[in-house]
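Every read-out reported here was derived from the displayed coordinates using simple, explicitly stated rules and does not represent laboratory data. Bear in mind that the values here come from a model prediction, so they are computed numbers and not experimental data. FYI the Cβ positions are ideal-geometry reconstructions off the backbone, even for glycines, and counts take in every protein chain you see.
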Amino acid sequence: MQIRRVELREIHLALLHPFETSSGRTTERHVIVVRVEDGDGGEGWGECVADENPYYSEEWTESAWAVMTRFLAPLLVAAPVASAGSVDGVFAHVRGNRMAKAALETACWDLEARSRNLPLWQLLGGSRIEIASGVSIGLQPTTDALLERVRHELEAGYQRIKIKIKPGHDLELVRAVRGEFPEVPLMVDANSAYRLRDAALLRELDRWNLMMIEQPLAHDDIAEHAKLQRQLSTPICLDESIRSSDDARHAIELGACRIINIKLGRVGGLTEARRVEQVCRENGIPVWCGGMLEAGIGRAHNIALSTLEGFSLPGDVSASARYWEEDIIDPPVTVSPRGTIFPPSGPGIGFAVKRDRVEMLTARKAVIEA
Ligand code: OSB
Ligand code: MG
């Protein structure tokens, strides 16, 4: 594979509903859309999941744009690579910046799948033909508003509910949701808002039959999560702390979690995401696919990833219509009444990119050629 041309576009896309977590509030996404071209008329699409600020991760739209235009895209067009599976090696000299790398790497996977006329999920070795879908509900202005959102998503068929918590907005939210929905598969995500000294409070969550507590402690911690997990019966799921398959191995060896959330951007692309899935599968740790409020291209890549065998729990990949008035892919991602997504049968990501819409939403553009 030889990439000859990389096109980057930053598009601005307003969310239908603001999304709030313990690390901040998002109302509009600034998404970098990647298009790669080879010399033979092949193309592939990727999306950068970096936020508009460095609060979830140190990466953000500006840092990703800079590192993609100045370092990563020039490396990608400089020489041929054996296949999409070796693109991460091309970027290895650049430290970190995994979301920027993943945007380009996933575009190369799409290109390879399209040129071989295969759905991306099949090229990756996926076996699931129906993916269980859950929702992540942000912090709401009132508890009543939260209960209303939960009811709405359950009526739509979603298979599990995740609510965001933060100090001062935790136990009473769980108590309220459990009061109305005693049996619903339910979990909480703290986005690193607690410390080990909060263990007594977190232990209170054990009584509510939660599927898991996602990332309670620091974003870069593994060791203290292991101490906390020993004090909890509820499984800990790590998100922010897992940036590679080595992190996953260390977390599992230390007993820091019993579940892992895999995000393509956070681990640097599809090749590394597959390695994380493999480490977890070999150690009996279930995984699920996390979300980063993706537009359609990122959402389509998440669907392909979720077909791997280890993805045995419902993920945060849900319908386009929960986020956007109009997505940038056609058709939009839809969820069946039983809360599932069917991976598409067309080549590559299996969704058509609405090029006119992308162009209309573009705030800046860069082209990098060999
Ligand atoms: O912690 O999983 C998270 C969104 C942005 C950043 C971090 C997270 C999230 C979500 C939303 O929970 C998942 C989604 O609906 O895409
Ligand atoms: Mg999370």
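Which value does Rg/Rh take for the stretch 233-281 over its C-alpha atoms, Rh per Kirkwood?
Numbers: Rg = 9.9 Å, Rh = 10.5 Å.
So for the stretch 233-281, dividing Rg by the Kirkwood Rh gives 0.94.
Counting pairs on different chains as well as pairs 8 or more places apart, how many Lys pairs in the chain have Cα atoms under 21 Å apart? Mind dumping the intermediate values first?
Details: Lys101/Lys263; Lys101/Lys365; Lys162/Lys263; Lys164/Lys263; Lys166/Lys227; Lys354/Lys365.
Lysine pairs satisfying the spacing and distance rule in the chain number 6.
For a Förster distance of 45 Å, can you work out the FRET efficiency between the beta-carbons of Glu369 and His152, rounded to the nearest 0.05? Please report the intermediate quantities before stating the final value.
Numbers: r = 47 Å, r/R0 = 1.05.
Plugging the Cβ-Cβ distance into 1/(1 + (r/R0)^6) gives 0.45.
According to a simple spin-label model (label point 7 Å from Cα along Cα-to-Cβ), what is the distance in nm between Glu183 and Leu15?
Modelled inter-label distance: 3.2 nm.
Using helices alone, what [θ] at 222 nm do you get for the chain, with -39,500 (n - 2.57) per DSSP H run of 4 or more residues, divided over all residues and rounded to the nearest 500?
Details: 14 runs with 122 residues, N = 370.
It comes out at -9000 deg cm²/dmol, rounded to the nearest 500.
Which helices, counted as full DSSP H runs in the chain, have an axial Cα extent of no less than 27 Å and a Kyte-Doolittle average of 0.0 or above? Numbers along the way, then the final one.
On the way: long enough: none.
Answer set is empty.
What distance in nm separates the simple spin-label points at Ala321 and Thr334, each placed 7 Å from Cα in the Cβ direction?
That separation, rounded to one decimal, is 0.8 nm.
Give a residue-ordered list of calculated ³J(HN,Hα) values for the stretch 161-169 (Karplus: 6.51 cos²θ - 1.76 cosθ + 1.60, θ = phi - 60°; whole Hz; x for Gly, Pro).
10, 10, 10, 7, 10, 8, x, x, 9
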